[in-house]
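Trainee: One structure, as structure tokens, below. Some questions next.
Please treat every number below as a calculation from the coordinates, not as lab data. Predicted model only: the values in this text are computed from it and were never measured. Please note: Cβ atoms are built from the backbone with ideal geometry, for glycine as well, and neighbour counts cover all protein chains shown.
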Amino acid sequence: MPTIPIIIIGAGEHSQVLIDTLQLLNNKILGLTDIATERHRTAILDVCILGPDELILSHSANEVHLVNGVASVGRPDLHRKIFETWIAHGYQFSDVIHPASVLSPHISTGRGMQIMAGAIVQPGVTLGDNTILNTGSQVDHDCIIGDHTHISVGATLCGHVCVEHACHIGAGATIVQGVTIGAESVVGAGAVVICDIPPGSKVVGVPAVPIGKNKR
């Protein structure tokens, strides 16, 4: 059965990784859209940049699926807004799961998740909508990852960790067992989180300490 063609929203750096994975999976990519119309590139990895996001509306929701090419680094609200906007228009977001990732069959998943090469997801994990598990990240048993959350390259979540919605876990960070990361928080790269973090926090260091509120 042929797959439905895909349009990737966003023509930044994260889109390269998505294109590479989708091509490995033999998906047909119609092109990319981007709100930054001042970009001078016309293609990424030979996939054409079609124009602004509004061009998606020239295709019915039955003709195409979407992939969110905007990661949460520096613009978490945009990552969430893209997903919510186009879901409201009736479109579906495809999952992007690299064949070199390892997923237990005993997990619960939302819509439009992205799981990159080398990521490991163990039994009992719940992944929300529009989540990103980036290259080499590890999510151990019984973790809960909220909607619109980005787990960066090489981050490790030990068992029974709860990361609430719209969080960003930086590259190489470690969250020890049983910790809760409050909604809309940022954990800095390389941080080691050993206790619960309130919503809207920004923490860094080993062990991680607050350095203020996350500006959304």
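Trainee: Return the percentage of antiparallel bridges among DSSP beta bridges fully within the chain, rounded to the nearest 5 %. Don't skip to the answer; put the middle values down first.
Mentor: Details: 5 of 47 bridges.
Percentage antiparallel, nearest 5: 10.
Trainee: Once phi is turned into θ = phi - 60°, what whole-Hz ³J(HN,Hα) does the Karplus curve with 6.51, -1.76 and 1.60 give for every residue of region 45-50, x standing for Gly and Pro?
Mentor: 6, 6, 9, 6, 8, 7
Trainee: What list of ³J(HN,Hα) values in whole Hz, one per residue of region 94-107 in order, does the Karplus curve 6.51 cos²θ - 1.76 cosθ + 1.60 (θ = phi - 60°) give from phi, with Gly and Pro shown as x?
Mentor: For region 94-107, the Karplus-derived couplings read 6, 6, 10, 10, 5, x, 8, 8, 10, 10, 4, x, 9, 10 Hz, x marking Gly and Pro.
Trainee: Here's a follow-up. Would you mind working out the magnitude of the charge dipole of region 97-205 relative to its Cα centre, with +1 at each Lys and Arg C-beta and -1 at each Asp and Glu C-beta, to the nearest 20 Debye?
Mentor: Working: 2 positive and 7 negative charges, 42 e Å.
The calculation lands at about 200 debye.
Trainee: Amide H of A100 versus every other amide H placed in the peptide plane: which residues, excluding those fewer than 5 positions away on the same chain, fall under 5 Å?
Mentor: G118
Trainee: Using unit Cβ charges (K, R positive; D, E negative) and no other charged atoms, how large, in debye to the nearest 20, is the dipole of the chain about its Cα centre?
Mentor: On the way: 11 positive and 18 negative charges, 71 e Å.
The calculated dipole for the chain is roughly 340 debye.
Trainee: Tell me the mean residue ellipticity at 222 nm calculated for the chain from its helices only (DSSP H runs of n ≥ 4, each -39500 (n - 2.57), averaged over every residue, nearest 500).
Mentor: Values: 2 runs with 25 residues, N = 216.
Value at 222 nm, helices only, nearest 500: -3500 deg cm²/dmol.
Trainee: While we're here: Full extension from Q23 to D46: what is 0.36 nm times the residue separation minus their Cα-Cα distance, to one decimal in nm?
Mentor: Numbers: separation 23, 0.36 × 23 = 8.28 nm, distance 1.12 nm.
In short, 7.2 nm is gained.
Trainee: May I pose another question? Normalise the Debye intensity by I(0) for the chain, one equal point scatterer per Cα, no solvent, then take log10 at q = 0.09 Å⁻¹ and round to two decimals.
Mentor: One equal scatterer on each Cα of the chain leads to -0.34.
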